[in-house]
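The values are calculated or read from the model by the stated rules, or taken from the named source; none is laboratory data. These figures come from a predicted structure and were not determined experimentally. Note that each Cβ is placed from the backbone with ideal geometry, even for glycine, and that neighbours are counted across all protein chains shown. Calculation scope for accessible area: heavy atoms of the full protein, side chains included, ligands and nucleic acids excluded. Shrake-Rupley method; radii C 1.70, N 1.55, O 1.52, S 1.80 Å.
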Amino acid sequence: MSTPAKLAVNGAAGRMGRQLLMAIAEHPAAHLTGAADAPGQPTIGIDTSVLSGGEATGVAVTDNVSVLLKSSQVIVDFTAPAVSLGVLEAVTNTTVAVVVGTTGFNAQQLKQLEAYALKTPIMFAPNYSVGVTVALDLLDKAARALGDDYDVEIIEAHHRHKVDAPSGTALTMGDVVAKALGRDLNECAVYGREGITGARDTQTIGFETIRAGDIIGDHTVLFAGNGERIEITHRATDRMTFARGAIRAAVWLASQPPGLYDMRDVLGLT
Ligand code: NAD
């Protein structure tokens, strides 16, 4: 068997960070070589096993991301847009690759991320679950077959702590459908409705957001025509599904040249 990929986690103390540590521990081709979180956090300096459970790893959480560059091939980062861009800046001119799990980038930040991919292998997916990746493929097929006669609405639900809306996954679903229908999501998206909205414009794609309790992530894309409707739904019931997908992606990314990749590349769907 080849040498395990050396992986570090940034945002290690977060909801996803802890799951990523667990997913690395259970992956036979991955080895944890570093972990970081924000300066001032009580978790700085502790062994990562305190966050993930299990036996001591000998890897202490640092507050300095540049420490990760010395020991790791790939940094897996689920934090916040500005933090992720800081990691991409730090790895430029090194051989370290980055799996970006963070969502909520604005258009200008996305351009910056794309520019970093000229020098760094970057994996960027708003959702690392295998199921969502397959759902995106189904949505492309459905939209092409149904065409403009069916209204498209995207409904997503997440836990009360989520800070961005609509979810990155919902936006990606909208983008896939818009492209399949020959539309530009920036021009046809409608975010929520209130008051006297007038009749629905058939060319729009609507988004509805629910934030409640501990919902991990539900997405439904509704294609509604005359006399019938199709709903394609994905429900995540465990964050480990994202973490396992991200670690699978990180192991794959360790041997790739600079470029911008997504989960479809990992699953061979491109
Ligand atoms: P969280 O708030 O629980 O965790 C974020 C972590 O980042 C915290 O531990 C925080 O201290 C740390 N952090 C903040 N600033 C930092 C810095 N400067 N350096 C290092 N660490 C820093 O959030 P979460 O629920 O784990 O989500 C994190 C991100 O991942 C969000 O953008 C979320 O939408 C996204 N997410 C993506 C997927 C996916 O499959 N792509 C799945 C779930 C969540």
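Give the aspartates and glutamates whose C-alpha is closer than 18 Å to that of LYS70, dropping any in the same chain fewer than 8 places away, or say none.
Straight-line reach from LYS70, under 18 Å: ASP37, GLU89.
Want the number for GLU194 to GLU55: 0.36 nm per residue separation, take away the alpha-carbon distance, what's left?
Working: separation 139, 0.36 × 139 = 50.04 nm, distance 5.25 nm.
That pair, GLU194 and GLU55, stretches by 44.8 nm at full extension.
With a 1.4 Å probe and all protein chains in place, put LEU181, LEU260 in order of accessible area, largest first.
Numbers: LEU181 30, LEU260 80 Å².
Final ranking, largest accessible area leading: LEU260, LEU181.
Work out the FRET efficiency for GLU26 and ALA82 from their Cβ-Cβ distance, taking R0 = 45 Å, and round it to the nearest 0.05.
Working: r = 31 Å, r/R0 = 0.68.
About 0.90, to the nearest 0.05.
State, as an integer percentage, the relative contact order of the chain based on alpha-carbon contacts under 8 Å between residues 6 or more apart. Show your work: numbers first, answer last.
Numbers: 529 pairs, mean separation 56.0, N = 270.
About 21 percent, as a whole number.
If you fit an axis through the alpha-carbon atoms of helix 81-91 and take the longest principal axis of the Cα set of the chain, what angle between them do you get, 0 to 90°, nearest 10?
In the chain, helix 81-91 runs at an angle near 50 degrees to the longest axis.
Once both axes come from the Cα atoms, what is the angle between helix 168-180 and the longest principal axis of the chain, in degrees from 0 to 90, rounded to 10?
50 degrees
Please report the accessible area of ILE247 (heavy atoms, 1.4 Å probe, ligands and nucleic acids excluded) in Å², nearest 10.
Spelled out: ILE247, probe radius 1.4 Å, area about 0 Å².
With every protein chain left in place, what is the accessible area per residue of the stretch 30-148 in square angstrom, probe 1.4 Å? Walk me through the numbers on the way to the answer.
Numbers: 5310 Å² over 119 residues.
Here the per-residue accessible area is 45 Å².
For an R0 of 25 angstrom, estimate the FRET efficiency from the Cβ-Cβ distance between ARG160 and VAL130 and round to the nearest 0.05. Kindly include the intermediate steps, with their values, before the conclusion.
Details: r = 26 Å, r/R0 = 1.05.
The formula returns an efficiency of 0.40 here.
Helix 240-253 versus the longest principal axis of the chain: what angle, 0 to 90°, nearest 10, using Cα atoms?
Helix 240-253 sits at roughly 70 degrees to that axis.
Would you please give the FRET efficiency between ASP184 and GLU231, computed as 1/(1 + (r/R0)^6) with r the Cβ-Cβ distance and R0 = 30 Å, to the nearest 0.05? Don't jump to the answer; show the numbers that get you there.
Working: r = 24 Å, r/R0 = 0.81.
Efficiency for this residue pair is about 0.80.
Of the accessible area of the stretch 149-270, with the probe set at 1.4 angstrom, what percent is carbon plus sulfur?
Values: 3030 of 6430 Å².
Of all accessible area on the stretch 149-270, carbon and sulfur atoms account for 47 percent.
Quick one: grab the alpha carbon gyration tensor of the stretch 130-236, order the square roots of its eigenvalues as a ≥ b ≥ c, and give me rounded if a/c is under 1.5, else prolate or oblate depending on whether a/b is larger than b/c.
Working: a/c = 1.74, a/b = 1.23, b/c = 1.41.
Verdict is oblate for the stretch 130-236.
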